[in-house]
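Report on the structure given below.
Laboratory data are not the source of any read-out in this text; all were calculated from the coordinates shown. Note that the structure is a prediction, hence the values are computed from the model and not measured. For neighbour counting, all protein chains shown are included, and Cβ atoms are generated from backbone atoms with ideal geometry for every residue, glycine included.
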Amino acid sequence: MKRLIAAAAVLALAACAKPAEQDEAAAPAATEAPAVAVANGSPPGTYEATGPDGTVGTTVINADGTYTDTAADGTVVAEGTWAVVDGKTCFTPTTEGLEPMCFTESAPAEDGSFTATPDSGDPVTVRPVPAA
């Protein structure tokens, strides 16, 4: 179950917005900081991930490359780092007993939701959580 929640949390991270278009008058690209996003272009933020069995977890993906997965009861179940590797969003937990996982994500739907499919296991549905 921890692995499913961890996987769901990772997926949630990838959910929503498209990168902003650059203004033609903007500074040269070489001086601009690169955009931070998961493999499908979704920005850092808070995401709700629902597994095939209905288990729901929350994943917070941070722009600094860290993440936290939380169970529905508020218990932190995984923490670690994330990165885009070979077109997939990959999570490397620092939580003991958990293995790294990579996800292939669908393009975000109009509402920002998407499907994240781990290299092994069943897909999860990821939805962005609106900012409070």
**Request:** With a/c under 1.5 counting as rounded, go ahead and sort the stretch 47-132 into rounded, prolate or oblate using the C-alpha gyration tensor (a ≥ b ≥ c being the square roots of the eigenvalues; past the cut-off, prolate if a/b is larger than b/c, else oblate).
**Result:** rounded
**Request:** Compute the signed sum of charges (Lys and Arg +1, Asp and Glu -1) over the other residues within less than 9 Å, Cβ to Cβ, of T59.
**Result:** -2
**Prompt:** T89's amide H: which non-local residues (gap 5+, or another chain) put their own amide H closer than 5 Å, with H modeled 1.01 Å from N in plane and none for Pro or chain starts?
**Reply:** A39, F103, E105
**Complete:** If the chain between T55 and E110 were fully extended at 0.36 nm per residue, the gain over the current Cα-Cα distance would be 17.5 nm
**Asked** Simple spin-label model, 7 Å along Cα-to-Cβ: N62 to T81 in nm?
**Response** 1.3 nm
**Zone of D119's modelled label, taken as backbone nitrogen in the stretch 60-102 under 16 Å from a point 7 Å along Cα→Cβ** = 81-94, 98-102
